[in-house]
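Comments concern the structure below.
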Amino acid sequence: AVVNFTGAAIGAAGTFAMVMLAEAGLNLPLSVIAGLVVGTLIALLIGAVMVRWFSGAPAQTKAAVTVALLVGLIALGLRVTGGQHPRPFPDLIPGQAFSVAGVYITNACLASIAMALAFTVAATAYLQQTRTGLKLRALAERPMTAALSGIPAKRLALGVWAVAGLATTLALMI
């Protein structure tokens, strides 16, 4: 039950970690894995803050906190990366797939669309066909009732934050 304004900043942090590691000479596959780990850990950290101190807060407060965390992540990111200087990004999925009316469709674009569809199908199936999915749906509908009925709300919420951080980081890397 959080409007998360930090999503793009979390993904960007993991992506910039990948870029900086690749620039430092680490091979690209390891840089990608490290960037995914960074994005996931930052998402977990923000999720822990939200779960620990703001789980019972009104939605407006939660949204305001994520805006404040977004500003903090941007400021920290500018400091760590050296400001607004352009950096070359490695092309994870190079090449052009085809052209339509003079517009080139890249392989990365097709991969992004395929991943979005796969993620949507997988998330829908997971939420509808697993016990954990049922618990997550209950937690989203009625968090207090779900927690009182024994659903591990905090652990599930942290899992959602981690998956969202991982997915956002991967999307921005591509």
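Using a cutoff of 8 angstrom between alpha carbon atoms and counting only pairs six or more residues apart, the relative contact order for the chain works out to 38 percent.
Would any residue of the stretch 139-164 have its amide N under 20 Å from a label point 7 Å out along Cα→Cβ of T61? List them or say none. Inside the label zone: 140-148, 153-155, 157-158. Among 35-48, 57-70, sorting by the average number of other beta carbon atoms lying within 10 angstrom of each residue, highest first, gives 35-48, 57-70.
Were the residues from T120 through L134 laid out at 0.36 nm apart, the gain over their Cα-Cα distance would be 3.4 nm. Overall, the accessible surface of the stretch 21-98 at a probe of 1.4 angstrom is composed of carbon and sulfur to the extent of 71 percent. Diffusion coefficient (Stokes-Einstein, Kirkwood radius over C-alpha pairs, 25 °C, 0.890 mPa s) for the stretch 79-173: 147 µm²/s, rounded to a whole number. For the peptides 134-141, 16-23, the ranking by mean Cβ contacts within 10 Å, running from highest to lowest, is 16-23, 134-141.
Tell me the per residue accessible area of the chain using a 1.4 Å probe; a whole number in Å² is fine. Numbers along the way, then the final one.
Numbers: 10740 Å² over 174 residues.
Accessible area per residue, the chain: 62 Å².
For the pair the stretch 37-56 / the stretch 140-172, the C-alpha centres are spaced 10 Å from each other. Rg and Dmax of the stretch 14-94, based on Cα coordinates, read 15.5, 46 Å. Above 11 angstrom, tally the Cα pairs of the stretch 70-109 and express them as a % of all pairs, no decimals. Considering the stretch 70-109, 73 percent of its Cα-Cα pairs are separated by more than 11 Å. Ordering of 153-160, 106-113 by packing is 153-160, 106-113, highest average first (other Cβ atoms within 10 Å, averaged per residue). Which value, in Å² rounded to 10, gives the accessible area of S149 with a 1.4 Å probe and all protein chains present? S149 has an accessible surface of roughly 80 Å² with all protein chains in place.
Around R52, what is the net charge, scoring Lys/Arg as +1 and Asp/Glu as -1 over all other residues with Cβ under 15 Å from its Cβ?
Summing Lys/Arg as +1 and Asp/Glu as -1 gives +3.
The values are calculated or read from the model by the stated rules, or taken from the named source; none is laboratory data. Keep in mind the model is a prediction, meaning the values are calculated, not measured. Don't worry about glycine lacking a Cβ; one is built from the backbone with ideal geometry, like all the others, and counts go over all protein chains shown. SASA here: full protein model, heavy atoms, side chains in, ligands and nucleic acids out. Shrake-Rupley method; radii C 1.70, N 1.55, O 1.52, S 1.80 Å.
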